1. Please tell me if residue 81 is in contact with a Leu (Cβ under 9 Å, 6 or more places away or on another chain) and touching a residue at least 24 places away in the same chain (Cβ under 8 Å).
2. How many of the residues in the stretch 44-100 are among the aliphatic types (A, V, I, L, M), open to solvent by 80 Å² or more (accessible area, probe 1.4 Å) and outside any strand (DSSP E or B)?
3. Give me the pairs: first residue in the stretch 47-67 and under 17 Å from residue 91 (Cα atoms) and of a type outside the set (Val, Ile, Thr), second residue open to solvent by 20 Å² or more (accessible area, probe 1.4 Å) and assigned to a helix (DSSP H, G or I), beta-carbon distance under 7 Å, and six or more apart or on different chains, which are they?
4. In the stretch 30-43, which residue that is surrounded by fewer than 18 Cβ atoms within 10 Å (Cβ to Cβ) and touching a residue at least 60 places away in the same chain (Cβ under 8 Å) is nearest to residue 94 (Cα to Cα)?
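The values are calculated or read from the model by the stated rules, or taken from the named source; none is laboratory data. This is a predicted model, so every value here is computed, not measured. Virtual Cβ from ideal backbone geometry, glycine too; neighbours counted across all protein chains shown. Note: accessible area is taken over every heavy atom of the protein model, side chains too, but ligands, DNA and RNA are not part of it. Shrake-Rupley method; radii C 1.70, N 1.55, O 1.52, S 1.80 Å.
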Amino acid sequence: MKVEYIKYIVIAIVLIIVLLAILKATKKDAGLDFNKLVEYLGGRNNIISTETNLSRFKVTLKDVTKANKEGIQKLGAKGIVEIDNQLKIILGSESKQLKKYIDEIK
């Protein structure tokens, strides 16, 4: 009887490991497409500066009319506010990663 219990425990552990691997893989794919977001901001040459504040990403643009706000929202932004030549975008936890990405490509 003990051998049967051990078999069930091993099967349960393997299933849990597979489930965790699947969840990790889908979470990575669910992230923002940073290349597409930079494109929607008018390209990297249109970006003057970036800042983050918790879940908000603030970007200063040369020409704010080049920004595709609808496209940015479709990528997952929860809100966008335009003030002069700045866009304040609510992105959640990915705002710091986006700032780092943009800083690297500039």
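1. Values: in contact with a Leu (Cβ under 9 Å, 6 or more places away or on another chain): yes; touching a residue at least 24 places away in the same chain (Cβ under 8 Å): no.
No.
2. First, pick out the residues of the stretch 44-100 that are among the aliphatic types (A, V, I, L, M): 47-48, 54, 59, 61, 64, 67, 72, 75, 77, 80-81, 83, 87, 89-91, 98.
From what's left, open to solvent by 80 Å² or more (accessible area, probe 1.4 Å): 48, 54.
When the remaining residues are screened for being outside any strand (DSSP E or B), the result is 54.
Looking only at that region, the number is 1.
3. Cβ pairs passing all conditions: 55/93; 57/99; 67/40.
4. Kept after step one, since they are surrounded by fewer than 18 Cβ atoms within 10 Å (Cβ to Cβ), are these residues of the stretch 30-43: 30-31, 33-36, 39, 43.
Of the ones still in play, those that are also touching a residue at least 60 places away in the same chain (Cβ under 8 Å) are 31, 34.
Working: 31: 8, 34: 10 Å.
The qualifying residue nearest to residue 94 (Cα to Cα) is 31.
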